[in-house]
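Peer 1: Pasting a structure here, questions to come.
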Amino acid sequence: MYYAESDITSEDDGAGEQMGMEEAIKDIEDDDHKVVNGVYRMIKERSAHKTAYIDLLTFILFTALYMTVLYLQQGNAQRYQVTQSMQPLLPQDTSLTQPTDVFTYLNETFISTLWADPIPTFDNPDGTEADGNLGRYAGNHNRILGGLLVHQARYGGRVCARKRFQNLFQYCSTSSTSKEPFGVNPIYVNTSVLYNPNVTATDYYAPAEINSAGIPYALFFRKIEGLKDGFPVVFDINLSAENAANRLQYLADALYLDNATDIVTVRVITYNGDAHHFAQLQAFFTFQPGGKIAVNTDIKGLNVEVYAKTQDWVRAGLEALLVIGIAYGIFSEVREAIHVHKSKGSVLRYFSSLWNFIDVISLALLVYAVIHRIFYVVMAQRFTADVHYDIYQDLNSLGRPWGLKLDGSQYTDFADLATRVATLIEFHNEYVTLNGINVFLMILRVLKLLDFQPQMGILTRALAAAGADLLNFFILWGIIFVAYAYIGNLMFGGNLDAFRSLQYSLTTMFMWVLGDTTVEYTLLAKRGWELWAGQLLFITFQVWMVFIVMQFLIAIAVDAFVDVKLATENAPGMFEELYDFGKAGILRYRYKRLPDKALLRQLKQLRGTSVTDDTVRDAEKTGDLSSKDKELIVKVDGQDVDTERLKEVLERRTLYEVADKSSVDPTRVAEQVMAQFGLAMEKVEKIAKKPKKNEELHKLKEAVDSFEKQLASMSDVIQGRLNAIHGDMAVAGMSRSTIPEEGHEDLDS
């Protein structure tokens with residue numbers, strides 16, 4: 001209260017005046033609370049916006065650093081050049097029909113070209129490199145290491161379980177993997193072009209390696225990590241063109257590929273000394289039960305010289321900064337969780353926001369990526385490789401071309417090279433995949449940080465406003481979409497590649513939604529009922545899904561966007577706010593104004609203890625402050641407060657709420673608030689005639705004056721009555737001292 005109740009005396013006939021006076025005081029106090037609280041909220045909102053912009057800028061810089069480090073780590077320009085130079089070595093067809101097609105690919109792509117006899121030079125008359133090995137290159141600079149690996153995994157076989165058509169097909173494949181030796185060595189088969197009657201099987205093979213017909217098995221089981229258990233052969237880089245061709249013929253004549261073949265893997269590992277990149281080329285030929293041979297290919301580049309150049313160490317410095325940024329991000333989230341725990345009583349309330357889940361997942365992926373990178377660097381530093389591996393006994397062997405050396409074969413080392421390269425490539429693929437997911441999460445985090453800005457946060461607020469409608473739409477859309485995909489698979493899954501499985505059918509339908517209707521031409525080539533069924537499927541899908549249902553999605557999005565846009569139509573834009581913040585900062589230093597924290601600290605004292613922090617409300621946009629024909633006002637809870645009014649309010653609050661009066665400067669605070677938040681209004685046109693200064697106080701003063709007049713009048717009446725009594729007593733010869741004590745009391749009353 002601005003006035004103590006003990007300062008006001010009253011009689012029964014003055015009770016109404018006192019009540020009116022107390023109400024007037026209460027109104028002034030409440031009005032002052034509103035003004036100070038409104039000003040406090042405006043400054044607090046401004047400070048919160050400024051902090052939000054700093055957080056946004058900090059996170060954008062962190063994201064830019066993160067993406068820069070990722071870009072420098074990948075070195076995709078050189079990796080692309082290396083992998084593209086090896087692209088011609090991949091099979092051009094995505095499916096084959098005959099096992100002989102695999103041999104044709106091996107011959108045309110590798111044996112007849114890459115394993116051709118090298119051309120002698122003056123420095124190397126025998127065509128060898130400086131290291132004494134033949135140079136086999138996949139492209140100009142990609143030197144093949146060790147040789148060409150061809151690996152086969154085989155099914156186990158048994159008599160078909162079903163007896164009905166056993167006379168047509170006796171032996172069926174099983175799901176188990178066979179490790180039994182198979183095939184026959186064509187050198188000992190007189191029908192083969194490789195037949196050599198001058199060699200004896202027992203000179204090269206143990207009895208257990210020879211079948212019941214006295215002919216040695218052609219292939220034997222060998223283990224390679226990362227591949228199914230199977231039967232590998234290596235075309236050594238030092239094989240001559242003739243020997244390489246003979247070994248390919250060996251595989252063909254030995255029936256290397258048959259109906260028990262599961263998958264054939266062709267693998268080549270190269271090193272490019274100019275680009276400092278290893279590369280691995282793989283082609284997978286999967287023999288499907290239906291008779292088709294599916295072809296899948298893969299080329300990956302690999303840089304194991306992580307810190308070899310000056311720019312690599314510059315990148316290392318950026319990586320260190322990135323780790324510091326990640327640590328700061330974790331600290332910020334932990335601090336926020338602790339704040340939520342203190343303010344709301346449970347840390348679980350921190351996870352009530354989906355945005356916080358995204359923050360935590362993103363930071364967890366960043367930490368995991370850092371650990372993953374450390375492991376990759378350690379493995380890369382330990383990685384070694386050789387040009388040649390001494391695997392076989394004799395590259396010119398007459399009786400056993402694929403016989404491993406019995407003393408110190410380097411087959412294990414070569415297999416280990418393939419395993420380590422595959423492991424490093426897998427590590428690298430996981431790393432880039434994790435970071436790709438995290439970049440998407442970082443984009444979501446940027447949207448979160450933009451949500452505070454009315455104009456830039458339109459997207460997130462529109463999605464939030466349309467959330468329920470979008471959920472309902474996608475449920476309906478998903479039902480119809482899956483139903484059409486199922487229909488496509490049901491009707492055409494047996495003869496069209498686009499519908500051969502439900503997964504392919506879903507992909508085809510999604511491509512139809514995007515406008516890719518290539519499959520329609522295949523449907524038009526059908527005949528009979530399939531033609532009409534295909535056209536009915538295509539046309540109804542286009543009309544129903546594309547022309548009708550998808551339009552509802554657009555309508556929902558537009559409707560939510562319009563509502564949010566109208567609500568923020570007059571809000572300032574981001575660059576407009578940044579300009580105002582910059583201008584205010586310059587003026588603050590120029591005129592030595594108080595920082596926002598100091599203003600908030602003083603206003604918090606002026607607010608007193610009876611008002612709690614409310615939710616920050618939107619402040620009015622500030623205008624031009626330069627015109628002398630205008631005066632400044634601030635909008636506080638719907639009322640206009642000018643400079644003089646604000647000064648008076650702050651002075652009163654200082655007088656009655658602040659113990660240390662020197663800690664608050666009401667005049668300076670009022671002027672700075674007006675300078676930063678004041679809205680320039682025309683004195684005559686924009687602002688109504690100003691009421692008399694401190695109208696409430698004047699009303700209070702008039703009430704007090706009236707009450708004082710009543711008291712004075714009552715005093716005169718009482719004094720007259722006392723004088724009359726004293727006169728009567730004098731006439732009666734009585735003195736005041738003769739009046740009993742109880743009489744004194746009655747008289748005084």
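Peer 1: Let me know the Kirkwood hydrodynamic radius for the stretch 456-570, please, with Cα pairs as the basis and the value in Å to one decimal. Display every interim value, and only then the final one.
Peer 2: Working: mean 1/r = 0.0631 Å⁻¹.
That comes to 15.8 Å for the stretch 456-570.
Peer 1: Still on this structure, please answer the following. Would you mind telling me the share, in percent, of accessible area of the stretch 214-305 contributed by carbon and sulfur at probe 1.4 angstrom?
Peer 2: Details: 1530 of 3130 Å².
Whole-percent figure for carbon plus sulfur exposure: 49.
Peer 1: How long is the stretch 239-373 along each principal axis, judged by its Cα atoms, biggest number first, in Å?
Peer 2: Here the spans come out as 80, 48, 15 Å, largest first.
Peer 1: Any idea what diffusion coefficient the stretch 286-330 gets from Stokes-Einstein, in µm²/s, Kirkwood Rh on alpha carbon pairs, 37 °C, 0.692 mPa s? Show your work: numbers first, answer last.
Peer 2: Details: Rh = 14.8 Å.
Estimated via Stokes-Einstein, D reaches 222 µm²/s.
Peer 1: Of Trp512, Leu496, Phe552, which is farthest towards the positive pole of the stretch 456-570's charge dipole, taken about the Cα centre with +1 and -1 on the beta-carbons of Lys, Arg and Asp, Glu respectively?
Peer 2: Leu496
Peer 1: What whole-number value in Å² describes the accessible area per residue of the stretch 456-570 for a 1.4 Å probe? List each step's numbers first, then the result.
Peer 2: On the way: 6980 Å² over 115 residues.
For the stretch 456-570, the solvent-accessible area averages 61 Å² per residue.
Peer 1: Give the residues of the stretch 475-511 whose amide nitrogen is closer than 15 Å to a point set 7 Å from the Cα of Trp544 in the direction of its Cβ.
Peer 2: Flagged as within label range: 476-491, 509-510.
Peer 1: Using a 1.4 Å probe over the heavy atoms of the protein chains, calculate the carbon and sulfur portion of the accessible area of the stretch 456-570 as a whole percent. Please list the in-between numbers first.
Peer 2: On the way: 4950 of 6980 Å².
Of the solvent-accessible surface of the stretch 456-570, carbon and sulfur hold 71 percent.
Peer 1: Using a 1.4 Å probe, how large is the accessible area of Lys309, given in Å² and rounded to the nearest 10?
Peer 2: About 90 Å², ignoring ligands and nucleic acids.
Peer 1: Provide Ile263, Ile326 ordered by accessible surface of protein heavy atoms (probe 1.4 Å), highest first.
Peer 2: Details: Ile263 35, Ile326 10 Å².
Heavy-atom accessible area, descending, gives Ile263, Ile326.
Peer 1: If the limit is 20 Å between Cα atoms, which of Lys50/Lys597; Lys50/Lys342; Lys448/Lys565; Lys344/Lys597; Lys583/Lys604 go over it?
Peer 2: Working: Lys50/Lys597 12 Å; Lys50/Lys342 25 Å; Lys448/Lys565 18 Å; Lys344/Lys597 25 Å; Lys583/Lys604 25 Å.
Flagged as over cut-off: Lys50/Lys342; Lys344/Lys597; Lys583/Lys604.
Peer 1: Within the stretch 507-600, list the GluC sites (Glu not before Pro) lying in a DSSP loop whose Cβ has at most 12 other Cβ atoms in a 10 Å radius. Spell out each step's value before the answer.
Peer 2: Working: sites: Glu520, Glu530, Glu569, Glu576, Glu577; in loops: Glu569.
Taking the stretch 507-600 and a limit of 12 other Cβ atoms within 10 Å, the loop GluC sites (Glu not before Pro) found are Glu569.
Peer 1: Under a 1.4 angstrom probe, counting protein chains only, how are Glu129, Glu671 ranked by accessible area, largest first?
Peer 2: Details: Glu129 60, Glu671 95 Å².
Largest to smallest exposure gives the sequence Glu671, Glu129.
Peer 1: Taking all protein chains together and a probe of 1.4 Å, list Arg601, Arg136, Arg349, Arg645 from the most accessible to the least accessible.
Peer 2: On the way: Arg601 145, Arg136 0, Arg349 120, Arg645 55 Å².
If we order Arg601, Arg136, Arg349, Arg645 from most to least accessible, we get Arg601, Arg349, Arg645, Arg136.
Peer 1: Related question: Accessible area of Asp253, 1.4 Å probe, to the nearest 10 Å²?
Peer 2: 50
Peer 1: Using a 1.4 Å probe on the protein heavy atoms only, what accessible surface does Ile371 show? Give it in Å² to the nearest 10.
Peer 2: The accessible area comes out at roughly 80 Å².
Peer 1: For the stretch 430-446, what does the Karplus curve 6.51 cos²θ - 1.76 cosθ + 1.60, with θ = phi - 60°, yield as ³J(HN,Hα) per residue in whole Hz, taken in order and with x for Gly and Pro?
Peer 2: Result, ordered by residue: 5, 4, 5, 5, 4, 6, x, 4, 5, 4, 4, 5, 5, 4, 4, 5, 5 Hz.
Peer 1: Sorted from largest down, give the three principal axis spans of the alpha carbons of the stretch 235-283, whole angstrom values.
Peer 2: 42, 28, 9
Peer 1: Another question, if that's okay. Note down the net charge around Gln92, summing +1 for each Lys or Arg and -1 for each Asp or Glu among other residues with Cβ under 12 Å from its Cβ. Walk me through the intermediate numbers first.
Peer 2: Working: positive: none; negative: Asp93, Asp101, Glu108.
Neighbourhood net charge equals -3.
The values are calculated or read from the model by the stated rules, or taken from the named source; none is laboratory data. Predicted model only: the values in this text are computed from it and were never measured. Because the Cβ atoms are built from the backbone with ideal geometry, glycine has one as well, and the counts that use them run over all protein chains shown. SASA here: full protein model, heavy atoms, side chains in, ligands and nucleic acids out. Shrake-Rupley method; radii C 1.70, N 1.55, O 1.52, S 1.80 Å.
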